[in-house]
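To start, the structure under review is shown below, and the notes come after it.
The values are calculated or read from the model by the stated rules, or taken from the named source; none is laboratory data. Predicted model, so just to flag it, every value in this text is computed and none were measured. Cβ sites come from the backbone with ideal geometry, for glycine too, and all protein chains shown count toward neighbours.
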Amino acid sequence: MCQNCREDLMALLDGELCGQDRQKVQQHVEACAECQSEIRRFEKLSSLAHQIKFREPHELATRKYWCGVCRKINGHSRLPYIVFGALGLMLIGNLMLFQFHGSMLAAGVAGTSLLAGLGLLCMSYFCHCRH
């Protein structure tokens, strides 16, 4: 039972076990010294994890990160192809939307095409950095 119970100890601490499962694990922990020790270690670990404070990244680091992303995008594909692909997706989306206006499937595909095209167009605009 210890091996099975050990998998549920963290779930017990996090309040993820319900009714019978929670009672079963609690009863086992009360009777098992090994699991009591293990749950104390988990409690310490959980307490340490909750004490961690994350700082906001510095603006310069964020700018460098996004410029690196842009360089990779520009390095692996040419900007005009991305723009033409985006415009093509948007054109297909518009045509499908107006041609098959009664079909939910066509509306879904059209909406997806429009959003994908718009997303690509935005990425091509914002990723046109040359640093």
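Right, E30: in contact with a Lys or Arg (Cβ under 7 Å, 6 or more places away or on another chain) and not aromatic (F, W, Y) or not? So E30 does not fit the description; no. Looking only at residues of the stretch 25-73 that are over 13 Å from C2 (Cβ atoms) and among the aliphatic types (A, V, I, L, M), we find that the one that is surrounded by the most Cβ atoms within 10 Å (Cβ to Cβ) is I73.
Do we find a residue being at pLDDT 85 or above, surrounded by fewer than 14 Cβ atoms within 10 Å (Cβ to Cβ) and of a type outside the set (A, V, I, L, M) anywhere in the stretch 89-106? Looking for residues that are at pLDDT 85 or above, surrounded by fewer than 14 Cβ atoms within 10 Å (Cβ to Cβ) and of a type outside the set (A, V, I, L, M), one finds none in the stretch 89-106, hence no. For L48, the conditions (1) modelled with pLDDT under 85; (2) in a helix (DSSP H, G or I) all hold with the exception of (1).
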